[in-house]
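What follows is a single structure, written as structure tokens, with notes after it.
Read the figures in this text as sums done on the coordinates, not as results from a lab. Small disclaimer: the values here were computed from a predicted structure and weren't measured. No Cβ is skipped: glycine too gets one built from the backbone with ideal geometry, and neighbour counts run over all protein chains shown.
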Amino acid sequence: MKRLPTTLLFVLLVTILVPIPIAAEPNVIPMSTHKEAVFQNGPDYSSGKVFGVHEETGVTVASTTYSDKLLIDFYYPPDMLFAEPRPAVLIVNGAQSDVKNRREIGRPYMWTNQALGWAQLISEQGLVAVTYETGSSTEESLIEVVEWLKQNGSVYGVDSDRFGVWTCSNSCISAIKMMRTGNADFAGKRPIFEVLLYGDMMAYSDIDTTIPLYVVKAAKDVWADGNMIDRFVEKLQARGSAVEYHIHPGDHAFDCRGVECPPETTAIIQTSLAFMEEHSR
């Protein structure tokens, strides 16, 4: 019987005795603690609280930075196991940059009542919600954050091959551009679904029609062009897109405005959450 060389024996012993390093799980804090930190300098007056959000929740939050030390937050379901990455929902801010938001409303969009509320509701649905801070260019920041998630998402419990998008208002155009097959910035990184609420929408000719859409128009909206939303839906449905289309009888930002929650708003929130869960499987 031949003896193994001494060098090979040493390598085998080191392999057996030295533990393989395992990536540490991100540090998480309760949602309530996260909100205390976010609102320590005062409440958010830019939007009301999203209807359906309650204070008691098992959601936890991890925070870090991506490109140029811009902030990114992850919201986890109560039963999150980091060894089992989950689909994520990216809450897209493609409207006003957070450079302006910090100056005008005192905080990035990711820390508004609206973004925090939807992040909580989405994570309570069993998905990982992701919010992020933009630099001076919202489009460049979106490209950078998606690329960062592709490279680093698994460390934060995200299955980077399965991420959808939630967005609203002026941010809808940025989200729609992610679905364009001619947009090389998102080649191999396109969302698996998109939820688009009360915003101007362009039916580009090269939109990937395999991506399911959940679209909402607010009938009394004075900010978004309702006819433009109708045409967007009609054109994509004619091309074979799976579009779930809803018309809310209220105004812009109906999900976080007003004192009482009408049943139509509850229905939109619940069906959009169910849509995200269904298309993340």
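How much net charge surrounds residue 254 when only other residues with a Cβ under 10 Å from its Cβ are counted (Lys, Arg +1; Asp, Glu -1)? Working shown, then result.
Working: positive: 220, 257; negative: 221, 251, 255, 264.
For residues surrounding residue 254, the net value is -2.
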Beta bridges per DSSP with both ends in the chain, % antiparallel, nearest 5:
35
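How much length would be gained if the chain were fully extended between residue 136 and residue 281, taking 0.36 nm per residue of separation minus their Cα-Cα distance, in nm to one decimal? The partial results should precede the final answer.
Values: separation 145, 0.36 × 145 = 52.20 nm, distance 3.47 nm.
My answer for the length gained is 48.7 nm.
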Based on the Cβ-Cβ distance of residue 67 and residue 32, what FRET efficiency does E = 1/(1 + (r/R0)^6) give at R0 = 25 Å, to the nearest 0.05?
0.30
Most mobile of 165, 155, 59 in a GNM of the chain (Cα contacts under 10 Å):
155
Given an 8 Å cut-off on Cα distances and at least 6 residues of separation, report the relative contact order of the stretch 54-101 as a percent.
27
Estimated vicinal HN-Hα couplings, Hz - the stretch 172-181 in sequence order (Karplus 6.51, -1.76, 1.60; Gly, Pro = x)
4, 4, 4, 5, 5, 4, 5, 8, 6, 5
Output ³J(HN,Hα) for the stretch 85-96: one whole-Hz value per residue in order, computed from phi by the Karplus curve 6.51 cos²θ - 1.76 cosθ + 1.60 with θ = phi - 60°, and x for Gly and Pro.
x, 10, x, 10, 10, 8, 8, 8, 10, x, 8, 7
Would you mind getting me the FRET efficiency between residue 104 and residue 208? Use the beta-carbon distance for r and R0 = 25 Å, nearest 0.05.
0.10
Please give me the summed charge of the neighbours of residue 225: other residues whose Cβ is under 10 Å from its Cβ, Lys and Arg +1, Asp and Glu -1.
-1
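Would you mind classifying the stretch 198-281 by shape? Square roots of the alpha carbon gyration tensor eigenvalues, ordered a ≥ b ≥ c; an a/c under 1.5 is rounded, otherwise it is prolate if a/b is larger than b/c and oblate if not. Write down the numbers at each step before the final one.
Details: a/c = 2.75, a/b = 1.34, b/c = 2.04.
Since a/c reaches 1.5 but b/c is at least a/b, the shape of the stretch 198-281 is classed as oblate.
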Semi-axes of the equivalent ellipsoid of the stretch 28-278: what are they in whole Å, largest first, if each equals the square root of 5 times a C-alpha gyration tensor eigenvalue?
25, 22, 18
DSSP loop (so not H, G, I, E, B), at most 14 other Cβ within 10 Å: list which trypsin sites (Lys or Arg not before Pro) in the stretch 200-248 pass both filters.
220, 239
Considering every pair of different Cα atoms, what Kirkwood radius, in Å, is found for the stretch 121-251?
15.5
Per-residue Cβ contact counts at 10 Å, fewest first, order 148, 118 as 148, 118
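Of the chain, which part is the longest with no GluC sites (Glu not before Pro) in a loop (DSSP not H, G, I, E, B) and with at most 12 other C-beta atoms within 10 angstrom? Can you show the working numbers first?
Details: sites that count: 55, 56, 260.
Within the chain, the longest run free of exposed GluC sites (Glu not before Pro) spans 57-259.
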Whole-number percent relative contact order across the chain, with pairs defined as alpha carbons under 8 Å at least 6 apart:
17
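Placing unit charges on C-beta atoms (Lys and Arg positive, Asp and Glu negative, everything else neutral), compute the dipole magnitude of the chain about its Cα centre in debye, rounded to 20. Intermediate values should be presented prior to the final figure.
On the way: 23 positive and 35 negative charges, 169 e Å.
With only Lys, Arg, Asp and Glu charged at Cβ, the dipole is about 820 debye.
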